[in-house]
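Okay, so here's the structure we're looking at.
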Amino acid sequence: MNTEDMNYVKQGKNANERVVRTEILLTPILVIGPLFVGFLLIYDWYSRGFIKDNPEYVGTLILGAIVLIGNILFDIPFIKSLRELSKKNK
């Protein structure tokens, strides 16, 4: 085996386009998945903790907020760079 066969992403004419297409296909999962989980955690805190006045679910609120804020902070630059890269390849 030579070193060219061991490359994870083949270097060539269409290699960059394949990577961009793969990232575009996975973007909904990477963006919507954590947002859904974050909102689900906050809803769980609201329905079990806030409405029933149970302070044990405050950790769920904090975890949901961390997931949402972290996802938003990392997704905005990711989507921006993906758009710029797809425009560059056109």
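The numbers here are math on the coordinates, done by the rules we state, and not lab data. Keep in mind it's a predicted model, so treat the numbers as computed, not measured. All Cβ positions, even for glycine, are placed from backbone atoms using ideal geometry, and neighbour counts span all protein chains on display.
What the table below lists for this structure:
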read-out: Ellipsoid semi-axes in whole angstrom, largest first, where each is sqrt(5λ) of the Cα gyration tensor of the stretch 31-89; value: 34, 9, 5
read-out: Length released on extending from Ala65 to Val37, taking residue separation times 0.36 nm less the Cα-Cα span; value: 9.0 nm
read-out: Burial ranking of peptide ranges 28-34, 66-72, 52-58 (average Cβ count within 10 Å, highest at the top); value: 66-72, 28-34, 52-58
